[in-house]
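Below is one structure, written out as structure tokens; comments come after it.
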Amino acid sequence: MIPIAEKEIPYRAPKPQKVEQVATISDLLDRSQGLVLTDYRGLTVADKADLTRRLRDVNAEYHVVKNTLFRRAYGERGEDPATLLEGPTAIVFALEDPVGPSKTLLAFIKEKRKGVVKGGLVDGKLFDTEGVTRLSELPSKDQLIGQVVGAIQGPLSGLVFSLQGVLGNFVRTVQAIHDQKAEGAAPAGAE
């Protein structure tokens, strides 16, 4: 048997570009309300630029990322996205509402017939492709707020009108009593 000498592997500091990329991804993760991970194979540079422009219109960003750097930046933020990080990956970072960007992305993929949705992450929960599709079918945050305000406003305006009617009747009744007393007091005082 030939003895094998143990060799110490020297420590190498990470490259500054990679440290910067991890910091950029981490910042985007901190600002994002949700993510959609895609396989961008088949997209031309023009397609990617078009998708990026469309996503900016719905307050989202689209970035090609290295899987290992994304894993480092993601850390322990929620469910492990390792199953989604196979092959080339580009990520839609939804900076506000995750519904709009997912709708935009799926419409783009359907229109161009290029690219594939791998899955998504919202509030640390992992979604498969079908989950992202269902997310895109939801009303946007603004639409939901409008619906809630409308649902609250209807009964409140009815209550306001009812109270105005009751208060109006009360004021007219008090005014009538006042007028009656004033008429009854005027002749007695005139004598």
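The values are calculated or read from the model by the stated rules, or taken from the named source; none is laboratory data. Just so it is clear, the model here is predicted, and its values are computed rather than measured. Here the Cβ is made from the backbone with ideal geometry for all residues, glycine too, and neighbour counts use every protein chain on show. Calculation scope for accessible area: heavy atoms of the full protein, side chains included, ligands and nucleic acids excluded. Shrake-Rupley method; radii C 1.70, N 1.55, O 1.52, S 1.80 Å.
Side notes on the structure shown:
- What a 1.4 Å probe finds exposed on the chain is 58% carbon and sulfur by accessible area, rounded to a whole percent.
- Taking each residue as 0.36 nm, the span from Ala46 to Gln175 lengthens on full extension beyond its C-alpha to C-alpha distance by 38.8 nm.
- Per residue accessible area of the stretch 76-129, 1.4 Å probe, in Å²: 50
- Pairs of Cα atoms nearer than 8 Å and 6+ residues apart set the relative contact order; for the chain it is 24 percent.
- Cβ-Cβ FRET estimate between Glu76 and Leu167, R0 fixed at 41 Å, reported to 0.05: 0.10
- As a length-normalised measure over Cα pairs under 8 Å and 6 or more apart, the relative contact order of the stretch 1-97 settles at 43 percent.
- Restriction of the trypsin sites (Lys or Arg not before Pro) in the stretch 1-34 to DSSP coil positions whose beta-carbon has at most 14 other beta-carbons within 10 angstrom yields Lys7, Arg12.
- Mean-square fluctuations from a GNM of the chain, with a 10 angstrom spring cutoff on Cα atoms, peak among Ala82, Ala107, Ala13 at Ala13.
- Spin-label pair Glu8/Arg134, simplified geometry with 7 Å Cα→Cβ offset, distance in nm: 5.5
- The chain: most fluctuating residue of Pro81, Pro16, Pro139 per GNM, C-alpha cutoff 10 Å: Pro16
- Annotation: amide H of Gly34 within the under-5 Å range of Ala94, sequence separation 5 or more or interchain, hydrogens built in the peptide plane.
- Exceeding the 27 Å Cα-Cα cut-off - candidates Lys15/Lys112; Lys18/Lys118; Lys48/Lys103: Lys15/Lys112
- Stokes-Einstein translational diffusion, the stretch 15-117 - Kirkwood Rh over all Cα pairs, 1.567 mPa s, 4 °C, in µm²/s: 93
- Part-to-part distance (alpha-carbon centres) for the stretch 114-137 and the stretch 29-87, which is given in Å: 12
- Of Arg53, Arg72, Arg172, the residue with the greatest mean-square motion in the GNM of the chain, using alpha carbon springs below 10 Å, is Arg172.
- Rolling a 1.4 Å probe across all protein chains gives Thr68 an accessible area of roughly 90 Å².
- Over the chain, all Cα pairs binned in 5 Å intervals from 0 give whole-percent P(r) values of 1, 7, 11, 13, 12, 8, 6, 5, 5, 4, 4, 4, 3, 3, 3, 3, 2, 2, 2, 1, 1, 0, 0, 0, 0, 0, 0, 0, listed from short to long.
- In the stretch 19-59, a dipole from Cβ-located charges (positive for Lys and Arg, negative for Asp and Glu) runs towards its positive end, and of Ser32, Ala46, Gln21 it is Ala46 whose Cα lies farthest in that direction.
- Relative to the Cα centre, the charge distribution of the chain, modelled as +1 at Lys and Arg Cβ and -1 at Asp and Glu Cβ, gives a dipole magnitude of about 940 debye.
- Residues Thr83 and Arg53, FRET efficiency given R0 of 45 Å [Cβ-Cβ distance, rounded to 0.05]: 0.90
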